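For reference, the structure discussed in these notes is given below.
The values are calculated or read from the model by the stated rules, or taken from the named source; none is laboratory data. These figures come from a predicted structure and were not determined experimentally. Ideal geometry is used to build each Cβ from the backbone, glycine not excepted, and the neighbour counts take in all protein chains shown. For accessibility, only protein heavy atoms count, side chains too; no ligands or nucleic acids. Shrake-Rupley method; radii C 1.70, N 1.55, O 1.52, S 1.80 Å.
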Amino acid sequence: MRSVIMEEPGKVVVEDRPMPTLLESTDAVIKLAASCICGSDLWPYRGAQPEPVDHQQMGHEYIGEVIEVGDDVKTVKPGDFVVGSFCISCGECATCRDGYPSRCLKAIAAGDGFIGMRSNGTQAEYARIPFADGTLIKTPAYPTAEQIPHLMAASDVLGTGWYAADAAKAGPGKAIVVVGDGAVGLGAVIGAKQLGAEKIIMMSRNPKRQELAKQFGATHVVEERGEEGIAKVLELTDGVGAHGVVEAVGTQQAFDQALGCVRHGGYIGFVGVPHDSSIGTDVLFDKQVHLEGGPAPVRKYLPTLIDLIYKGEIEPGKVFDLVLPIDEAPKGYEAMDQRTATKVLLTM
């Protein structure tokens with residue numbers, strides 16, 4: 001099968017790799033209908049992660065048809081179309097039951113809770129999915145071609161953005177700021193809108209992404225950064241700051257922006273993968289800010305997201321502004337790295 005491999009920073013190739021097989025009785029093997037390139041894939045592409053990249057199989061977002069299941073899999077069967085979370089989860093341990101399947105105790109104990117590492121990558125034609133019952137959700141019907149991109153977004157960026165909006169306590173009457181206009185930030189706008197936020201402020205300098213944010217429900221766009229951006233948010237929130245802020249970048253600048261925009265006693269949902277960022281407890285103490293974040297428990301939200309997609313109430317697949325066959329994945333990485341594409345969909 002074809003699989004996307006990052007040989008080293010800046011060098012992505014597509015190679016033939018062995019077909020995945022069932023290794024555990026709780027596994028499923030799926031034939032992917034599509035995959036995509038994530039913003040977090042750009043960190044190793046740019047050489048900006050501690051671990052060296054050495055022929056790494058890439059990808060952690062996936063949808064497709066089940067072709068084989070282990071003897072202990074009960075909720076999906078061959079022929080089912082499924083959407084899976086980018087994090088593996090058993091659905092049974094204490095952490096899963098507490099609503100944080102992204103930190104599943106069994107998955108982490110087995111090696112890694114991150115689907116890309118355990119499945120040998122999902123930017124591929126086929127993938128093995130561990131803990132299928134706790135990780136995969138069957139769709140109510142086989143999707144149309146138009147629904148494929150929307151379901152693909154649900155596997156990570158929509159679910160991650162939704163979680164961040166939820167952690168930021170988006171709700172009726174609330175003002176929510178979104179820091180980061182990538183696919184996750186745009187997904188957060190959808191989440192904030194669906195959760196009932198009254199005012200959704202997208203911080204963006206990109207006209208195309210600004211327009212999409214407005215389509216998704218953003219009520220205001222702030223182009224300024226730093227103190228100017230904070231002042232603009234304060235102006236839009238009666239001088240007190242937003243009830244909640246989504247931080248969807250992971251840099252020091254983005255987190256400082258989030259802290260400056262949130263009101264005293266407010267909430268920050270942070271889902272940007274941290275890179276060289278830190279936060280002082282003195283700032284948290286002063287603002288009495290609430291923090292929640294980390295790898296998003298997408299599996300918890302998937303039933304809701306899939307239902308909204310099938311009802312036609314949300315169209316998160318609009319974040320994909322470049323569609324390429326998997327053989328052209330290197331072009332997709334280059335486009336996202338150069339910010340000429342927001343999100344790249346890979347077809348099989």
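Residues are listed down the side, and each one gets a yes or a no for (1) closer than 18 Å to CYS38 by Cα; (2) in contact with a Cys (Cβ under 7 Å, 6 or more places away or on another chain); (3) in contact (Cβ under 8 Å) with a residue 40 or more places away in the chain:
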position: ASP166; (1), (2), (3): no, no, yes
position: ALA188; (1), (2), (3): yes, no, yes
position: ALA213; (1), (2), (3): no, no, no
position: THR219; (1), (2), (3): no, no, no
position: GLU228; (1), (2), (3): no, no, no
- Message: Residues that are at pLDDT 95 or above, in contact with a helix residue (DSSP H, G or I) (Cβ under 9 Å, 6 or more places away or on another chain) and in the same structural domain as ARG205 (by the TED database): list the strands (runs of 3 or more DSSP E) wholly contained in the stretch 75-192 that include at least 3 such residues.
- Response: 175-179
- Note on the structure: Residue hits (the stretch 21-57; at pLDDT below 95, open to solvent by less than 50 Å² (accessible area, probe 1.4 Å) and in contact with a strand residue (DSSP E or B) (Cβ under 7 Å, 6 or more places away or on another chain)) are PRO44, TYR45, VAL53, GLN57
- Neighbours by Cβ (under 8 Å, 6+ apart or cross-chain): first from the stretch 13-41, free of Cβ contacts under 8 Å to residues at least 60 places away in the same chain and over 21 Å from SER155 (Cβ atoms); second among the charged types (D, E, K, R) and open to solvent by 40 Å² or more (accessible area, probe 1.4 Å): GLU15/ARG2; ASP16/ARG2; SER25/ASP71; SER25/ASP72
- Task: Return the total of residues in the stretch 276-321 being among the basic types (Lys, Arg), under 21 Å from LYS193 (Cβ atoms) and outside any loop (DSSP other than H, G, I, E, B).
- Result: 2
- Note on the structure: Selection from the stretch 231-253 of residues open to solvent by less than 20 Å² (accessible area, probe 1.4 Å) and modelled with pLDDT of 95 or more yields VAL233, THR237, GLY241, ALA242, GLY244, VAL245, VAL246, GLU247
- Query: So, of the residues in the stretch 230-254 that are touching a residue at least 40 places away in the same chain (Cβ under 8 Å) and under 23 Å from ARG339 (Cβ atoms), which turns out to be nearest to the chain's Cα centre (by Cα)?
  - Reply: ALA248
